Amino acid sequence: MANLFLLRHLKSQWNQDNRFAGWVDNPLSKEGILAAKEIAGNLSGEKIDVAYTSSLIRCQETILRIFEHMGNKYPLFLHLDGGAMEKWGNFTGIGQNDMPVYVSEKLNERYYGKIQGLNKEETMEKYGKDLVHVWRRGYNDKPPGGESLKDVYKRSVPFFKKYIEKDLTSGKDVLLVASHNSLRAIVKYLEGISDEDIANVELPFGALVRYDFDGESYKKII
């Protein structure tokens, strides 16, 4: 039995400003930084063998801030894109106190296209609340020039199966820190949620969800 921990990144500055962050890098807000201690407390005592995250700074900073309060290990970031996994597979420099954190843009947030960076309230006034809602929560709909959740699923879930599920199958406990829509796509896969019902799934900032994996299926614990 292996454990999978899904964690949505802590609140970033653009989240605080109510802007569509998408693929734009921005740091954690003061509120987000302060929340790291509580998350660390919730993870304290858990046997986390490896972590995965996206290439976005807010996700990586979330890991850094949490492990500042963990005490026993510090994160070592290893980037996977461009075929780097094969190189890291032969890497022997991971020490006893290192927490390997594998980084890939496949786990990035939904790309919001032309509305990226815009204020959410102003965007709803311009395009209509209902249309913006389906851009943000629907499975097949996408903002102008951006990605649908289906697009995010097509890149994040194959990555999950290839790397994260492989680690789980080998008995490793895994922490995955990512953005809202990449996590929603993975939750859709883990729980077998329909294209229609995924619109109702939301994870607040700092949401921590645990699944047990028995080698075949996932059971949601928290």
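Readers should treat all values here as calculations from the given coordinates under stated rules, not as data from a laboratory. Only a predicted model underlies this, so the values are computations on that prediction, with no experimental measurement involved. Neighbour counts are summed over all protein chains in view; Cβ atoms, including those assigned to glycine, are modelled from backbone coordinates with ideal geometry.
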Next item on the list: Rounded to whole Hz and in sequence order, give me ³J(HN,Hα) for segment 98-113 from the Karplus expression 6.51 cos²θ - 1.76 cosθ + 1.60, θ = phi - 60°, writing x for Gly and Pro.
Entry: 8, 10, x, 10, 8, 10, 8, 6, 4, 9, 5, 4, 4, 7, 8, x
Check: What residue among 70, 124, 99 shows peak mean-square fluctuation when the chain is described by a Gaussian network model with Cα springs under 10 Å?
Finding: 124
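Starting from segment 1-44, pick out the trypsin sites (Lys or Arg not before Pro) whose DSSP state is loop and whose Cβ has at most 14 other Cβ atoms within 10 Å.
Values: sites: 8, 11, 19, 30, 37; in loops: 11.
Here no loop site has a sparse enough neighbourhood.
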Next item on the list: Rounded to the nearest 10 degrees, what's the angle between the helix 30-43 long axis and the longest principal axis of the chain, both from Cα atoms, 0 to 90?
Entry: 40
Note to self: Which chymotrypsin sites (Phe, Trp or Tyr not before Pro) in segment 127-222 sit in a loop by DSSP (not H, G, I, E or B) and have at most 12 other Cβ atoms within 10 Å of their own Cβ?
What the structure shows: none
Next item on the list: Give the residue from 24, 99, 51 lying farthest towards the positive end of the charge dipole for the chain; charges sit on Cβ (+1 for Lys and Arg, -1 for Asp and Glu) and the dipole is referred to the Cα centre.
Entry: 24
Next item on the list: Diagonalise the Cα gyration tensor of segment 10-220 and give the resulting equivalent ellipsoid semi-axes, square root of 5 times each eigenvalue, largest first, whole Å.
Entry: 29, 20, 16
Margin query: Compute the distance from the alpha-carbon center of segment 175-222 to that of segment 102-155, in whole Å.
Written below: 18
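Give the calculated FRET efficiency between residue 92 and residue 68 to the nearest 0.05, with a Förster radius of 22 Å applied to their Cβ-Cβ distance.
Details: r = 26 Å, r/R0 = 1.20.
Step by step, r from the Cβ atoms, then E = 0.25.
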Next item on the list: Enter the angle in degrees (range 0 to 90, nearest 10) between the Cα long axis of helix 57-68 and the first principal axis of the Cα atoms of the chain, meaning the one along which they spread out most.
Entry: 40
Next item on the list: Kindly work out what percent of the DSSP beta bridges joining two residues of the chain are antiparallel, to the nearest 5.
Entry: 40
Notebook entry, point to check: Under the definition of Cα pairs under 8 Å and six or more residues apart, what whole-number percent is the relative contact order of segment 10-220?
Noted result: 23
Margin query: Tell me the mean residue ellipticity at 222 nm calculated for the chain from its helices only (DSSP H runs of n ≥ 4, each -39500 (n - 2.57), averaged over every residue, nearest 500).
Written below: -10000 deg cm²/dmol
Item checked: Dipole magnitude (debye, nearest 20) for segment 10-220, charges at Cβ of Lys, Arg, Asp, Glu -> 200
Notebook entry, point to check: Which angle between 0 and 90 degrees, to the nearest 10, do you get for helix 149-159 versus the longest principal axis of the chain when only C-alpha atoms count?
Noted result: 10
Next item on the list: Scan segment 134-198 for GluC sites (Glu not before Pro) in coil per DSSP, keeping those whose Cβ has at most 12 other Cβ atoms within 10 Å, and list them by number.
Entry: 196
